[in-house]
Amino acid sequence: MKIYTLHQKQKLPIDLDEAWEFLCNPSNLSKLTPSEMNMTIISGADRPMYAGQILQYNVTPLAGIKTKWVSEITQYEDKKYFVDVQLYGPYALWHHKHFIHEIEGGVEMEDIIDYKVPFGVLGQLVHPILVAPKLKSIFNYRTTQLEALFGKF
């Protein structure tokens with residue numbers, strides 16, 4: 001089964017402390033998720049992020065298909081990176097690394113998502129026409145939202 005990777009970087013004109021505080025607050029995830037995904041946090045967002053934290057939310061990844069997504073923050077290093085792994089949800093595998101570091105005039109955020117689609121060969125067939133474009137659009141939305149909140153670099 002094929003593992004796909006989405007790699008994205010974004011620069012923001014804010015300091016590391018402000019960026020880290022926003023990104024590590026699980027309740028802010030809904031601000032960065034398109035409204036049509038109907039993302040609602042069920043549990044786990046009541047405290048700042050830490051390794052071992054379990055987050056549960058409902059999402060609608062495709063029109064009319066509502067599912068629960070459960071993820072664990074498996075690694076966390078303050079003001080450097082964190083990793084979330086899907087324990088239950090729409091992907092056969094989801095491993096998302098979030099890196100952040102200071103650059104002149106702001107911060108650069110980097111996301112590396114390694115994922116597998118469900119449904120074997122059928123999932124692989126729909127990946128380029130459905131899954132990959134949807135995932136890219138979600139991260140494009142996030143880019144736009146972060147720029148609206150913090151400005152363009």
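None of the figures in this text is laboratory data; all of them are computed from the coordinates on show. Nothing here was measured: the structure is a model prediction, and the numbers come from that model. Please note: Cβ atoms are built from the backbone with ideal geometry, for glycine as well, and neighbour counts cover all protein chains shown.
What to note about this one:
- Among A63, A132, A92, the residue with the largest mean-square fluctuation in a Gaussian network model of the chain, with springs joining Cα atoms closer than 10 Å, is A63.
- Cα-based shape type of the range 45-110, given that a ≥ b ≥ c are square roots of the gyration tensor eigenvalues and the cut on a/c is 1.5: prolate
- Residue exposure sequence - L55, L87 - by fewest surrounding Cβ within 10 Å: L87, L55
- Rounded if a/c under 1.5, otherwise prolate or oblate - the range 67-153, Cα gyration tensor axes: oblate
- The angle separating the long axis of helix 132-150 from the principal Cα axis of greatest extent in the chain is about 20 degrees.
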